[in-house]
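Following: one structure in C-alpha cells, then a few remarks.
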Amino acid sequence: MKKTIISLIPLALLLGLLALLFLNMGYHTEQVPSPLIGKPVPAFELPLLYEEGTLTEQDFLGEPWLLNVWGSWCPNCLYEHPVVTDLAQSGQLKVVGLNWKDEFKNADTWLKRLGNPYHTILVDYKGDVAIDFGVYGAPESFLIDANGIIVHKIVGELTPGNVKDEILPKLAQLQ
Amino acid sequence: MRLFLIFISLIVSGHAHSIEVYNFENEYQRELYQELTQELRCLVCQNQNLADSDADLAKDLKDQVAEFVINNQDKETILAYMVQRYGDFVTYNPPLNTSTVFLWFSPFVVLLIGAGILIYNIRKKQS
C-alpha cells in the first residue's frame with residue numbers, strides 16, 4: 001500500500017505541474033506591470049500636433065487627465081478610437097493624445113478621417129518621452145491625477161469594459 | 001563554386017546589416033554595450049533580448065543604451081534607468097527582492113526535495 005502511494009508521487013507531481021501550466025496559460029499576459037504607478041509623471045516638454053509651442057507635464061496639473069499613446073500606424077488604435085471618443089465626449093476627464101513615432105501627414109489624415117477626440121495632442125516622433133513613460137507598444141493609456149501622479153495604466157486598447165471597470169472607478173476615487 | 005560564394009556573401013551581408021554602428025570610443029564601451037543589450041529584454045517580442053530584436057522600440061532602446069555608454073555612464077546607472085521605466089521584467093538578470101524570491105530559490109527547493117528523496121531511498125536500501 002505504502003509502496004503504491006510512493007510510486008504515485010511522480011505522477012501526482014507531473015499532474016500538478018500540468019495543472020499549473022494550464023492555469024498559467026489562462027492567466028498569462030504579456031502585459032508588463034508598470035513601475036510608474038503611484039509615481040509622478042516623467043518630466044517632458046513636447047511640441048503639439050496642431051498648435052505652436054510646447055507643453056510640459058506642469059501644464060496639466062490641476063485636474064485628472066488621461067494620456068493616450070497612439071499612432072496612425074497602429075491597428076488597435078483604430079479599434080479603440082470609438083471608445084476614446086466616447087470617453088472624451090462624456091466630459092468626465094481631459095483626454096490628451098501622445099502621437100508616438102508617427103508622421104504629421106499620416107496622423108493628420110487619420111484624425112480627419114476618424115475625428116479628433118483629443119483635447120490636446122502631444123507629439124513624440126523620436127520616442128524619447130515614450131521611453132520615459134515605459135511605453136512598449138501602442139495603444140497605452142495612463143490615468144494621471146490632478147497632482148501629476150500616475151494612478152493607472154492600461155496596456156493595449158481601451159474597451160467599454162476596462163473604461164467602466166478600471167478607468168472610471170479609479171477616476172471616481174480621485175474626486 | 002560560384003553559387004557557393006554567392007551564398008556565403010549573402011549570409012555575411014545579412015549579418016553586416018544587423019550590426020548597429022555606434023561610435024564607441026574604446027573596446028570597453030563596445031563590450032559594455034554588448035553586455036547590456038544581451039541582458040535587457042525586448043518588451044515587444046518578450047523572449048528576445050535587445051541585441052537580437054529588430055523591433056522599432058528595441059532599436060530606440062539600443063540607441064539610448066549606446067548614448068549612455070558613449071557618455072561613460074556605468075552599467076548600474078543604465079540598468080537602473082531601464083528598470084525605473086519598465087520594471088524588473090526588462091532585465092534577464094532580475095534583482096533579488098520579495099517579488100522575485102520564488103524565481104530565484106524555487107530551483108534550490110526542487111533540488112532539496114530531490115536530495116531528500118535520494119537520501120530516503122538510499123537509507124531504505126541499506127536498512
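A few comments on the model shown:
- Across the range B:63-70, computed HN-Hα scalar couplings (Karplus, 6.51 cos²θ - 1.76 cosθ + 1.60, θ = phi - 60°) run 4, 5, 4, 4, 4, 4, 4, 5 Hz from first to last residue, x flagging Gly and Pro.
- Computed per residue of chain B from DSSP H runs no shorter than four, each worth -39500 (n - 2.57), the mean residue ellipticity at 222 nm is -22000 deg cm²/dmol.
- Ratio Rg/Rh, restricted to the protein assembly as shown and using Cα atoms, in which Rh is the Kirkwood radius: 1.09
- Ordered by the number of other Cβ atoms lying within 10 Å of each residue's own Cβ, fewest first, B:Phe108, A:Phe142 fall into the sequence B:Phe108, A:Phe142.
- Nearest-ten-degree value, helix B:27-39 long axis tilted from longest Cα axis of chain B: 50 degrees
- All-pairs alpha carbon distance profile, chain A, 5 Å steps from 0, percent: 1, 8, 16, 19, 17, 12, 6, 4, 3, 3, 3, 3, 2, 2, 1, 0, 0
- Cross-link pairs A:Lys170/B:Lys62; A:Lys105/B:Lys75; A:Lys153/B:Lys75 - those with Cα-Cα distance over 32 Å: A:Lys170/B:Lys62; A:Lys105/B:Lys75
- When B:Cys45, A:Cys77 are sorted by how many other C-beta atoms sit within 10 angstrom of their C-beta, beginning with the fewest, the order is B:Cys45, A:Cys77.
- Likely footprinting exposure, A:His152, A:His119, fewest C-beta neighbours within 10 Å first: A:His119, A:His152
- Only helical runs count toward this figure. For chain A, summing -39,500 (n - 2.57) over DSSP H runs of n ≥ 4 and dividing by all residues gives -11500 deg cm²/dmol at 222 nm.
- Relative to the longest principal axis of the Cα atoms of chain B, the long axis of helix B:2-18 lies at roughly 80 degrees.
Readers should treat all values here as calculations from the given coordinates under stated rules, not as data from a laboratory. Treat the numbers as computed from the prediction; the structure is a model and nothing was measured. Don't worry about glycine lacking a Cβ; one is built from the backbone with ideal geometry, like all the others, and counts go over all protein chains shown.
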